[in-house]
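The values are calculated or read from the model by the stated rules, or taken from the named source; none is laboratory data. Values in this document were obtained by computation on a predicted structure and should not be read as measured data. Cβ sites come from the backbone with ideal geometry, for glycine too, and all protein chains shown count toward neighbours.
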Amino acid sequence: STVEQLIEADKKHFIHPTTVPKTLLEDGPKAIFSEGNGVRVKDICGKSYIDGVSMLWNVNLGFGQKELADAAHEQLTKLAYSSSFYGYSNELAVRLAEKIAGIAPGDLNSVFFTSGGSESNETAFKFARFYWDLKGQSSKKNIISLKRGYHGATIATGSATGIEGFHNFSGSKDSDIIHAKPHLVNAEKGDKSDPEYKDSIRHLIETKGADQIAAVIIEPIQGAGGVHVPPEGYLQAVKKLCEENNILFIADEVICGFGRTGRMFGVENWDVVPDMMCTAKGITSGYAQLGAVLLSQEVRDTLVSYDGIIGHGFTYSGHPTACAIGLKTLEFIEENNILQNVNNMNKVLQKGFDYLVENHPHVAKTRAVGLLAGFDLMQDRDTNTPFKQSIRAARHIVDHCFDNGLILRPADFEEQVNIVAIAPPLIINKEEVEEMISIIDEALTSFEKSL
Ligand code: PLP
């Protein structure tokens, strides 16, 4: 049959990203998706799923949005591609850059286009280093990132990623990237009596010297590391610390950007304006490969003061079809009050979480900012005791939900960490949120029986 042929061809010819190859070779792909509508996707065997994580936190407007497809079709037939190297331009890239500048906080007024999140962060690292070169401070090369952060898969962005599993793949590392412990709010404010002070960004700056550090990169809410929301005051404290030490603050908004957290950008939840903001994913709702790095007026003015060639760019920087979809995505978000829906559905999700906490003793630390959500599974939530390593609680829940038609994502890279991430399309409605909760409810019951 076609399905069997596809499975065999997949095993033989298709190298999958971020997948255990052995499992694939033995079992074949878990699902071969073939169509989607709204928050639901179907696999080639006809089984339907609610996509509770918007695939890779990117299909924010769900599947089958005709307006996005039409915008793509129109541009593909008119001018599928044109270069923006060597002074060439195209209307869609210009219009999208202007649109993004209009919705971005502060003076983040100009945009460099990429093809995705890794390229956006890689670009920000290069721009940060180049910025300090142009300022005559070329010793400022180091980038500080946070443990548990995810920033991409290139050598530099993989090095910035603070999840060990992503470092094991290759011996190559960007040695100018150093890690701090996330969310030490008191230490970052300057409290030296914080027992974890020596792991803070502040301490790294003190020991390395501010003259060695170009930038700090932070996800407003850490996504792949397990949906970790910073404590109140943290982002503001880091921003202040950066200002005081002449260090650029880069916000990695690849997941948070374009409405995921109920605000247009994640940093707006804490009123912080970064020097550079890296985006991708939700900018096209996954309908095309696009990323954008937003630059403050000061960073932009410094870069464009250079009288040589800025030797950085990608063939698909400013891809007109990707930009046409991006523009339509942003219009769709505004015209359909998507942020309002995210905030309304957050309340429904929080109510669902309350129900799960009441009825399932191992559900802990539920959190949701907009529709970026997750919870821990713990042996004893009152004493903060994790499950012993052999109990793969998050996997159990995610696998059980998958069997019952709900796609979620486990975050269990570290030992004894069992987190379930939830990030459905931003167009989800009340009934669909409740359906997700009831599938998770059943999965938790199944897990409890397995203990
Ligand atoms: N930054 C964050 C916060 C991400 O979540 C991701 C992808 O998951 C990336 C960067 C890398 O983006 P891409 O996979 O598009 O290169």
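Below is a table of values for the structure above.
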read-out	value
Residue tally, condition crowded, with 17+ Cβ neighbours inside 10 Å and part of a helix (DSSP H, G or I), over the range 420-434	2
Residue match in the range 296-308 (condition: within 16 Å of the ligand (Cβ to nearest atom) and either within 22 Å of residue 160 (Cα to Cα) or out of contact with any Leu (no Cβ under 8 Å at 6 or more places or on another chain) (or both))	no
Criterion violated by residue 312 - all others in (1) in contact with a Phe, Trp or Tyr (Cβ under 7 Å, 6 or more places away or on another chain); (2) away from the ligand (no atom under 14 Å from the Cβ); (3) not basic (Lys, Arg) satisfied	(1)
Residue match in the range 271-292 (condition: part of a loop (DSSP other than H, G, I, E, B), polar (S, T, N, Q), over 16 Å from residue 326 (Cβ atoms) and within 16 Å of the chain's Cα centre (by Cα))	no
Cβ-Cβ under 8 Å pairs, at least 6 apart or on other chains, the range 270-286 side in the same structural domain as residue 101 (by TED's automatic domain parsing), far side aromatic (Phe, Trp, Tyr) and within 11 Å of the ligand (Cβ to nearest atom)	281/57; 282/57
Residue ID - farthest from the ligand (Cβ to nearest atom), chosen from residues in the range 117-175 that are among the hydroxyl-bearing types (Ser, Thr, Tyr) and over 25 Å from residue 311 (Cβ atoms)	161
Residue identified as more than 30 Å from residue 337 (Cα to Cα) and of a type in the set (A, V, I, L, M) among 406, 371, 451, 426	451
Flag for residue 318 being more than 16 Å from the ligand (Cβ to nearest atom), crowded, with 24+ Cβ neighbours inside 10 Å and closer than 19 Å to residue 98 by Cα	yes
Among (1) within 14 Å of the ligand (Cβ to nearest atom); (2) closer than 19 Å to residue 251 by Cβ; (3) polar (S, T, N, Q), the one test that residue 110 misses	(1)
